[in-house]
1. Less than 12 Å from a label point 7 Å out along the Cα-to-Cβ axis of VAL54: which backbone N atoms in the range 78-99 qualify, by residue?
2. With angles folded into 0 to 90 degrees, how steeply does helix 15-27 sit against the dominant principal axis of the chain? Use alpha carbons for both and round to 10.
3. Could you tell me how many degrees, from 0 to 90 and to the nearest 10, lie between the Cα long axis of helix 104-123 and the main elongation axis, the longest principal axis, of the Cα atoms of the chain?
4. Which order do you get for ASP205, ASP218 if you rank them by accessible area with a 1.4 Å probe, largest at the top?
5. Determine the order of ILE108, ILE320 by accessible area, beginning with the largest, at a probe radius of 1.4 Å.
6. With charges set only on the Cβ (+1 for Lys and Arg, -1 for Asp and Glu), what does the dipole of the range 199-296 come to about its Cα centre, in debye to the nearest 20?
7. What lysines sit close enough to LYS324 to cross-link, taking a C-alpha to C-alpha distance under 16 Å and skipping anything fewer than 8 places away on the same chain?
8. Please report, as a whole percent, how much of the solvent-accessible surface of the chain comes from carbon and sulfur atoms (probe radius 1.4 Å).
Amino acid sequence: MMKTIVVDCYLSHNLGDDLFLMTMLARYPHVRFTVTADDSYGYLKKIFSNVELVSPPARYSNPIGRIVGHLTEERRRIRFIRSADAMVTIGGSLYMEADRSKSLKTKINERRRFARDWIQARAAKHYCVIGANFGPWHTDSYWNFYRDFFANKCEDVCFRDTYSVGLFPDIPGVRQAPDVLFGAMLPQVPKRRQAFFSVVDLGADKFGALNAKVEAYDHMIIGLIRRYIARGYEPVLCSFSQPEGDEVGLERLAQSARSQGLKVRTLRYRDNMDEVLHEISASEVMVGTRFHAVILGLSAGAAVLPVVYSAKTTHVLEDIGFDKDHVIDLKNCGWEGMPIEAMPEAAYLDVSRQQAGAVAQFAVLDRLVKGE
């Protein structure tokens, strides 16, 4: 009989998160996966025969309707989980706490998340977490909740960095393996003199305090575009997530570059996974702001210049031994106003060990699927 697994993942047309799910669907073609996703993800059924999409709850404008809809959805989801052979949560930055000055609404949502995680894991026959990192976190109560959760409700928690594992040293089920996308199947295409830029809108809400550095970030990216054009590269600017505002940054940077006589090509991720991965694989250089642009660039054998906005990238770069002299850290003010000729250079790193080791993210799920 075909195994059935309920998947808990973040689906908002973000390249990294979408590729997490697609990697798992491809790895287990004889497992039936149930995923909550709206009609915009219908294309997955054309690619994978082993996925069932369940529509999210309807949105209600009145408070009572929202509560009833939420409770109905939770009951339905628990039924799916109980009837399945296992449940898997797969994603990257899954466990992030809002800062200490959180509003009442944020506190309520946090408690709802705690309750949801606990109830879902309790309902599952087997429960695994794949590919995540922990943090940022700010309070002992947040850490304590997930320490108890990982210890008592999770069969396996596989983080992608040693920092996260080090936060829970006494929990046997917590372990580490390289990021899932080190194991992504990239197209084998010839390299060409192309520099791939993964860009963001630093003014988007998710970047918080970095909002004040939009102008400096854009100036730096334009300088790097100019550097690579002078070296004979064709720059390609790519957005990884339209919902998170990447395209706003992309359009602004492309317009600025063209107004200065710089020829650039633009590429937008809108479920065109094959096209974006092809362009990454064909590029000799990756200037990556998005976390998974760095991972995919390294996996594709490009020289990579990470532009870091979060500790999650720093932790993984430290784990793999990437030279910090070839990194731009947006939270460090040293890069602002730096002459472009003084900016760090992109660097190569052999990540064959990480590529081979990424399959360990699925080690426990492999055993569950095989019935061991």
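1. 78-88
2. 50
3. 60
4. Working: ASP205 145, ASP218 25 Å².
I get ASP205, ASP218, largest accessible area first.
5. Numbers: ILE108 90, ILE320 25 Å².
Putting ILE108, ILE320 in descending order of accessible area: ILE108, ILE320.
6. Values: 12 positive and 14 negative charges, 89 e Å.
Charge dipole, the range 199-296, about its Cα centre: 420 debye, nearest 20.
7. Of all the lysines, those that pass the test against LYS324 - Cα under 16 Å, at least 8 places apart if same chain - are LYS312.
8. Details: 9170 of 17170 Å².
Looking at the chain in its full context, I get 53 percent from C and S.
The values are calculated or read from the model by the stated rules, or taken from the named source; none is laboratory data. Quick caveat: nothing in here was measured; it's all calculated off a predicted structure. Using ideal geometry, Cβ is built from the backbone for each residue, glycine included, and neighbour counts are taken over all protein chains shown. In case anyone asks, the SASA skips ligands and DNA or RNA and just uses the protein heavy atoms, side chains included. Shrake-Rupley method; radii C 1.70, N 1.55, O 1.52, S 1.80 Å.
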